[in-house]
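The values are calculated or read from the model by the stated rules, or taken from the named source; none is laboratory data. The shown structure was predicted, so the numbers you read here are calculated from the model rather than taken from an experiment. In this analysis, Cβ positions are derived from the backbone assuming ideal geometry, glycine residues included, and neighbour counts consider all displayed protein chains. Surface areas here come from the heavy atoms of the whole protein model, side chains and all, with no ligands, DNA or RNA. Shrake-Rupley method; radii C 1.70, N 1.55, O 1.52, S 1.80 Å.
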Amino acid sequence: MGAKKGRGLYLYGLDNSKAIEIVIVLGIETSCDETGVALYHRERGLLAHRLFSQVEMHAQYGGVVPELASRDHVEKLLPLIREVLEDAKLSLAQIDAVAYTAGPGLIGALLVGACTGAALAFALDKPAVPVHHLVGHLLSPMLANPELKAPFLTLLVSGGHTMLIDASALDQFEIIGDTLDDAAGEAFDKTAKVLGLAYPGGAKLAALATSGKPLPRPFPRPMVDRPGLDFSFSGLKTFALNTFQQSDQSDQARADIARAFEEAVVDTLRIKVERALAQTGRRTLVIAGGVGANQRLRERIGELAKKTGIHVYFPPLEFCTDNGAMIALAGALQFDSGRGDIGWQIEVRPRWSLEESNLRGSAA
Ligand code: KG4
Ligand code: ZN
């Protein structure tokens with residue numbers, strides 16, 4: 001799409017040696033159904049953040065409707081930017097760079113953030129930084145724990161991903177385990193739907209599980225009986241559906257199934273994390289993504305940390321799910337990594353592998 005390195009609009013490439021000092025970064029997240037905006041200060045940390053969730057709008061359709069998501073981002077983004085500036089008592093001119101999610105995600109939704117971010121940066125004559133959404137999730141614990149240092153192992157569990165990632169540096173990621181079918185969050189949401197809970201039902205299923213009693217036959221732990229670090233959750237979801245259909249479908253039965261399902265997912269994640277720690281020898285673990293908000297997962301991983309003596313970082317609950325703060329932080333760190341195209345060209349990547357982000361910092 002836009003101008004490439006060495007031509008026209010490319011002014012801020014690290015290789016053209018224009019000296020710029022980046023202190024305050026505006027972060028914009030619009031990859032799916034949350035409009036997130038934040039201001040991040042390199043020394044002082046998070047200055048302000050705002051989030052508008054479209055969850056209620058999409059709930060009536062049972063999932064995210066991409067066209068509605070894009071339109072809503074258009075409506076919400078500029079007001080949210082105004083609000084974070086007011087919250088932080090800053091003017092637009094005080095922003096040093098604009099970071100936005102360039103992928104992966106819904107193309108229309110991504111374009112809203114990318115066009116707004118790049119246009120703002122262009123108008124301010126400041127750099128625009130395209131950020132990989134998953135890098136934002138991976139680094140989100142640093143919002144509360146800036147001391148986090150690589151190397152570390154990450155369990156990334158969101159609505160779209162279930163991955164074990166070995167981070168040898170803050171910008172070098174290797175996927176060592178992935179899901180073969182449904183992501184953990186997706187399985188939570190689909191099972192929640194079976195149990196009559198509104199989309200996205202992950203957190204609601206977890207709440208229902210607290211009143212559940214153990215079932216005589218526990219749910220299976222998929223793929224733990226064979227070597228490797230990959231996951232598969234779609235069978236577990238079907239197991240939950242069958243168990244529900246064979247039950248009396250009472251409130252207690254729903255709660256019992258929620259509990260058994262949650263236990264099985266969390267236990268499977270814990271087993272694979274333990275295996276990945278042994279395989280990599282890492283002593284630091286990061287849990288990131290929406291399912292990272294799950295209390296039972298936090299407890300089980302906490303127990304594992306105690307047992308093995310590793311250090312575990314969870315993002316603050318509000319930064320587990322999509323948000324602008326993690327994008328602002330990842331954008332700021334992208335400058336430190338000393339690589340990547342940083343300019344005003346607008347190009348989003350709905351599909352963008354995490355490992356490709358090792359090679360270049362931008363979507364270009
Ligand atoms: O990271 P995220 O906001 O979106 C993606 O980038 O995918 O994660 C959303 C996912 C949803 O599937 C949601 O149901 C799940 O995280 N989730 C939870 C909990 N809170 C959010 N799943 C289980 N327990 C929770 N407490
Ligand atoms: Zn996400």
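Side notes on the structure shown:
- Debye equation applied to the C-alpha atoms of region 164-297, log10 I(q)/I(0) at 0.22 Å⁻¹: -1.32
- For region 283-323, with all protein chains in place and a probe radius of 1.4 Å, 51% of the accessible heavy-atom surface sits on carbon or sulfur.
- Environment charge of Lys89, counting only residues whose C-beta is closer than 14 Å and scoring Lys/Arg +1, Asp/Glu -1: -1
- Within-12-Å neighbourhood charge of Ile257 [Cβ basis; K, R +1; D, E -1]: 0
- Net charge of Cβ neighbours under 14 Å - reference Ile287; Lys, Arg +1; Asp, Glu -1: +3
- For the chain, share of DSSP beta bridges that run antiparallel, in % to the nearest 5: 60
- The distance between label points at Leu317 and Ala198 comes to 1.9 nm (points 7 Å beyond Cα on the Cα→Cβ vector).
- Nonlocal amide H pairs with Leu170, under 5 Å, H built at 1.01 Å: Ala150
- For the options Asp248, Asp230, Asp87, a Gaussian network treatment of the chain with springs between C-alpha atoms closer than 10 Å singles out Asp248 as fluctuating the most.
- Among Gly212, Gly136, Gly289, the largest mean-square fluctuation in a Gaussian network model of the chain (Cα springs under 10 Å) belongs to Gly212.
- Applying the criteria of a DSSP loop state and at most 13 other Cβ atoms within 10 Å to the chymotrypsin sites (Phe, Trp or Tyr not before Pro) of region 35-108 yields Tyr61.
- The simple spin-label model puts a point 7 Å past each Cα toward its Cβ; for Glu303 and Glu86 those points are separated by 4.7 nm.
- Region 150-314: antiparallel DSSP beta bridges as a percent of all, rounded to 5: 60
- Qualifying trypsin sites (Lys or Arg not before Pro) in region 249-319, where qualification requires a DSSP coil assignment and no more than 10 other C-beta atoms within 10 Å, are lacking entirely.
- Sparsely packed loop sites in region 35-136 (the trypsin sites (Lys or Arg not before Pro) outside DSSP H, G, I, E and B with at most 11 other Cβ atoms within 10 Å) comprise Arg44, Lys89.
- Per residue, the chain exposes 41 Å² of accessible surface when a 1.4 Å probe is rolled over the protein heavy atoms with every protein chain present.
- Stretchable slack from Glu75 to Ile107, in nm (0.36 nm times residue separation minus alpha-carbon distance): 9.8 nm
- Sites excluded, GluC sites (Glu not before Pro) in DSSP loops with at most 11 other C-beta within 10 Å, longest stretch of the chain: 148-364
- Think of region 126-247 as having a plus end and a minus end, set by charges on the Cβ of Lys, Arg, Asp and Glu; of Ala187, Gly235, Leu197, Leu197 sits farthest toward the positive end of this dipole.
- Each principal axis of the Cα cloud of the chain was evaluated for its coordinate range; sorted largest first, these ranges are 67, 46, 35 Å.
- Taking 4 °C and 1.567 mPa s as conditions, region 212-364 diffuses translationally at an estimated 70 µm²/s according to Stokes-Einstein applied to its Kirkwood radius (Cα pairs).
- Highest mobility in the GNM of the chain, judged by mean-square fluctuation with C-alpha springs under 10 Å and restricted to Gly235, Gly185, Gly36, is found for Gly235.
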